1. Among the candidates 184, 189, 195, which residue alone is of a type in the set (Phe, Trp, Tyr) and over 28 Å from residue 8 (Cβ atoms)?
2. Scanning segment 84-107 for residues that are of a type in the set (Lys, Arg) and in contact with a helix residue (DSSP H, G or I) (Cβ under 8 Å, 6 or more places away or on another chain), which turns out most open to solvent (accessible area, probe 1.4 Å)?
3. Looking only at residues that are aliphatic (A, V, I, L, M) and within 15 Å of the chain's Cα centre (by Cα) in segment 38-84, which one is farthest from residue 189 (Cα to Cα)?
Amino acid sequence: MFQRKEVERILKQAQHMDPEYEMFGVSTHKYKLNPPIDQRFIHEVEKKYHFLLPEDYIQFITEVGDGGAGPDYGIYPFGNFIRKGKTPRIEKSWEAYRCSLAKIFTPQPILFDEAKWLAKYFEFDIGAYEKNPEKYFTYENNNGLCDMDRFLVLGTRGCQWNFSLVTSDERYGQVFDTDRGGVYRFAAYSFSEFYQSWLGDRKKFN
């Protein structure tokens with residue numbers, strides 16, 4: 001379990017070592033956590049959209065902070081999950097995304113020939129793939145949501161990459177890096193592992 005005081009202690013030390021927020025993405029969250037969210041809101045969302053959030057993620061956003069300081073540009077607040085889109089078209093897209101979280105995510109491993117094709121026509125890191133091919137997957141969907149489909153988007157790494165939480169089936173609770181071209185890179189077996197790894201990097205930085 002995460003302890004807010006311990007997380008804040010690590011973040012405060014990191015901020016002391018990086019007072020000008022020069023580390024990538026930090027200027028967005030400035031090593032600060034958002035206030036925790038009420039668990040009743042979570043239950044209302046889960047009931048309405050028919051999915052369940054992993055317990056470690058719930059513990060974090062209800063006891064530590066609903067987003068804020070985290071990898072790259074930080075963790076998005078779950079409190080914004082049902083925020084309305086600025087236009088009817090955007091709202092329709094967001095509602096389709098919210099409904100998709102109850103559906104099964106079934107990624108397929110990327111084979112070497114496919115990886116070479118991706119590297120030729122897209123910004124795909126073939127070198128990283130060759131080091132850990134078991135971490136790379138692809139997934140096709142027909143609703144146009146791309147990397148958002150069947151994931152809870154936790155935050156962005158910038159450019160085309162997001163990091164997201166699986167909310168269904170056998171990969172439930174796992175975290176993937178996702179791009180907008182249908183490529184998925186395994187990041188962690190749980191939100192706890194994912195966030196603890198980032199905190200561990202902050203300790204090394206200190």
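1. 184
2. 84
3. Going through the qualifying residues, I end up with 69.
The values are calculated or read from the model by the stated rules, or taken from the named source; none is laboratory data. Everything numeric here is computed off the predicted structure, so don't read it as measured data. Glycine gets a Cβ as well: all are built from the backbone with ideal geometry, and neighbour counts include every protein chain shown. Surface areas here come from the heavy atoms of the whole protein model, side chains and all, with no ligands, DNA or RNA. Shrake-Rupley method; radii C 1.70, N 1.55, O 1.52, S 1.80 Å.
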